[in-house]
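Here is the structure we will look at, set down as structure tokens.
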Amino acid sequence: MAVDGEAVRPTEAAGEADEPGWEVDPDDEWGVAVIATVGRQLKLRREAVGLRAAEFGAAVGYGEDLVYKVEGGKRIPRQEYLDRADEVLSAGGLIAATWEDVKKVRYPKRVRELGKLESKAVEIGLYECNIVPGLLQTREHARAVIGAAQPPYSPDDVERMVAARLARQSVFERDPAPSIHFVVEEAPLRRRVGGTMVWQQQLERLLRVGRSNRVTLQVMPTNTEAHPGLDGRIELLKFPDGTAVGRADGLFSARPVSDPRQLRILELQYGTIRAQALPPRESLVFIEQLLGET
């Protein structure tokens with residue numbers, strides 16, 4: 001598991017005609033292998049039809065330099081790029097089909113690993129002290145939070161991380177749905193991240209999700225007594241086979257743990273936090289009151 005990391009804008013929408021994808025993480029061996037294979041296929045097909053890189057780039061709407069990066073396995077292509085390449089090279093859907101492999105490695109490795117765990121969990125518990133949990137963030141809220149990092153990420157990296165964060169939210173669409181519990185501190189709910197409109201939209205999303213019968217959302221008031229979450233974030237995931245994994249910023253060097261004795265400590269802390277937070281119904285009323293303050 002890892003902390004919250006990261007759908008994608010159309011390339012033309014924000015002047016991204018020269019940005020057909022994301023940089024490949026050299027430490028992600030599986031991702032490197034997949035993207036290198038796709039790049040080789042693209043190059044072989046381009047050369048087979050007698051197109052130079054510049055000509056191919058012009059035909060698909062991307063720059064020559066970026067074509068070389070994709071073919072060299074140094075850039076993760078977006079779906080639009082592969083679809084256009086398939087048409088230009090008359091590949092009969094074979095290039096477009098590589099998106100099924102590419103989309104599995106398009107996000108950072110740590111986010112993929114977290115998403116994989118969440119996709120298998122039957123119960124997810126999360127306490128967040130400083131931000132709205134990534135699973136609950138709107139696109140614009142996520143973009144504002146990630147974009148505030150110092151040193152700043154490149155615009156392309158911001159978009160990649162936003163897309164990855166939103167992709168994890170597919171956990172709400174699973175069938176059967178997992179049981180999901182959130183406890184969020186009052187302070188990040190009051191912080192107008194991204195401006196008033198983005199803040200309002202974020203609170204509205206919290207209300208929508210919190211009213212779902214598959215989600216329990218609680219708010220920890222600022223005026224409460226000290227509680228075990230003051231050291232930072234706590235998360236717990238439980239799986240169908242009875243195993244679990246958890247992590248807490250203030251315990252076990254913030255490493256993921258699966259030992260039953262360590263998990264009991266995390267469960268005790270998380271249970272205490274839930275007991276001190278506002279009940280779910282009162283929490284929704286609290287968020288409605290925040291919205292009414294605008």
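Return only the number of the condition from (1) in contact with a helix residue (DSSP H, G or I) (Cβ under 6 Å, 6 or more places away or on another chain); (2) part of a helix (DSSP H, G or I) that Gly250 does not satisfy. Failing condition for Gly250: (2). Against the conditions (1) at pLDDT below 90; (2) surrounded by 22 or more Cβ atoms within 10 Å (Cβ to Cβ); (3) touching a Gly at 6+ places or on another chain (Cβ under 9 Å), Lys109 satisfies every one except (2). Only one entry in Val183, Val193, Val245 is assigned to a strand (DSSP E or B) and over 30 Å from Val102 (Cβ atoms), namely Val183. May I ask you to list the residues in segment 178-209 that are crowded, with 16+ Cβ neighbours inside 10 Å and closer than 15 Å to Asn130 by Cβ? Once the filter is applied, which keeps residues that are crowded, with 16+ Cβ neighbours inside 10 Å and closer than 15 Å to Asn130 by Cβ, segment 178-209 yields Phe182, Val183, Val184, Glu185, Glu186, Pro188, Leu189, Val193, Gln202.
Each residue in segment 237-291 was checked for being in contact with a Pro (Cβ under 7 Å, 6 or more places away or on another chain), of a type in the set (Val, Ile, Thr) and surrounded by 15 or more Cβ atoms within 10 Å (Cβ to Cβ), and 2 pass.
The values are calculated or read from the model by the stated rules, or taken from the named source; none is laboratory data. All of these numbers come straight from a predicted model, not from anything done at the bench. Quick reminder, even Gly has a Cβ in these numbers, built from the backbone with ideal geometry, and neighbours come from all protein chains shown.
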